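The values are calculated or read from the model by the stated rules, or taken from the named source; none is laboratory data. These figures come from a predicted structure and were not determined experimentally. Backbone-built Cβ (ideal geometry, glycine too); neighbour counts: all protein chains shown. With ligands, DNA and RNA removed, areas are computed over all heavy atoms of the protein, side chains included. Shrake-Rupley method; radii C 1.70, N 1.55, O 1.52, S 1.80 Å.
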Amino acid sequence: MRGQRVHLSPKEFDVLRLLITQQGKPLTHKKLLQTVWGPDHGEETENLRVVINQLRKKIEKDPTRPRYILTETWLGYRFQLPMVASEKQPRGKQ
């Protein structure tokens, strides 16, 4: 999807923006729901799951194996940029 424009619904945009601004930090279902849908919406995790699935279909190469929007089991979601090959292996002494 690199370099391509992707149409996001307002909710998708708000969820993605929140995840990106907190990159690397897990955000709870409740925090995401209350921030994006409002303070009275902390328990409707199905709404959030639908939006996350739609986002993954739009920005992930393989939505079934996400690299950007990661699930934090029983907690929520986290946005993480994938590591590039040079970051994966420790540098040896020269």
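If you rank Asp62, Asp40 by how much accessible surface each has, with a 1.4 Å probe, what is the order from largest down? Walk me through the intermediate numbers first.
Values: Asp62 65, Asp40 130 Å².
The ranking, largest first, comes out as Asp40, Asp62.
Counting every pair of alpha carbons in segment 14-71, the share spaced more than 16 Å apart comes to 41 percent. Taking a sphere under 15 Å around the Cβ of Gln22 and counting the other residues whose Cβ falls inside, with K and R at +1 and D and E at -1, yields a net charge of +3.
In debye to the nearest 20, how big a dipole does segment 1-48 give about its Cα centre with +1 on each Lys and Arg Cβ and -1 on each Asp and Glu Cβ? Spell out each step's value before the answer.
Numbers: 7 positive and 6 negative charges, 80 e Å.
For segment 1-48, the charge dipole is close to 380 debye.
In the chain, helical runs assigned H by DSSP with n ≥ 4 each contribute -39500 (n - 2.57); averaged across all residues and rounded to the nearest 500, the mean residue ellipticity at 222 nm is -12000 deg cm²/dmol. Restricting attention to segment 2-74, lysine pairs at least eight places apart or on different chains and with alpha-carbon atoms under 17 angstrom apart total 4.
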